[in-house]
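Step one of this worksheet: look at the structure below.
The values are calculated or read from the model by the stated rules, or taken from the named source; none is laboratory data. Note that the structure is a prediction, hence the values are computed from the model and not measured. Cβ placement follows ideal geometry from the backbone for every residue including glycine, while neighbour counts extend to all protein chains displayed. Remember, those area values only see protein heavy atoms, side chains included, never the ligands or the DNA or RNA. Shrake-Rupley method; radii C 1.70, N 1.55, O 1.52, S 1.80 Å.
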Amino acid sequence: QRRRCGPTAGEVAHPVSPASTPYAAGPRRRPRILRWVLLALLIVPVVEVAAIIGVGKVIGGWPTLLLLVALSIAGAWLLRREGTRTWRALSEALRTGQMPSREIADGALVLVGGTLLLLPGFLTDVVGFLLVLPVTRPLFRGLLAAAVAKRLLGDAVSTAGRSDRPSGPTVIEGEIVD
């Protein structure tokens, strides 16, 4: 006996909605990153104001203001320099036909670091400088690569970057019901 895989010319196919399949995802959950961003938007300004007040008590109000302005100017200069370097490296990789994964990661880190450098505050400046400086960027590049791999591949990739799945073909057992 031959089995058919679909309707014949006279039959009408009944559409299957994704919710009726056993593969339905269920109710959509908010991504965890959104929770962390909302928490950071609440906590970071409070911590920054506390740090600015603390520095102001130690060195005075006007020197604190001048230090914040100087850090912003230095951050903008560094952002421009490293952004230009990263753009050139990306263009060169694309021109030579290489996969520009490192350059794209550097571009993302420089973008986030530059944004943090342009915000007023000492703690955001410290994190921004760490992301933008070429000496410390490789550490964050590795963390970014691990986060992206985990996000894209889920639990199939461990923190060491190797697959947790056994080698060999995937076997799915089941039975045919007529």
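Numbers below:
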item	result
Protection proxy ranking, peptides 85-94, 108-117, average beta carbon neighbours within 10 Å, highest first	108-117, 85-94
Point-to-point label distance, L111-L67, nm (Cα→Cβ direction, 7 Å offset)	3.2 nm
Charge sum, other residues only, whose C-beta stays under 11 Å from G113's C-beta, Lys/Arg counted +1 and Asp/Glu -1	-2
Cα principal axis extents for segment 39-178, largest first, Å	81, 40, 27
Approximate spin-label separation E173-L34, in nm, with each point projected 7 Å along Cα-to-Cβ	4.0 nm
Probe 1.4 Å, all protein chains present, accessible-area order of D178, D125, largest first	D178, D125
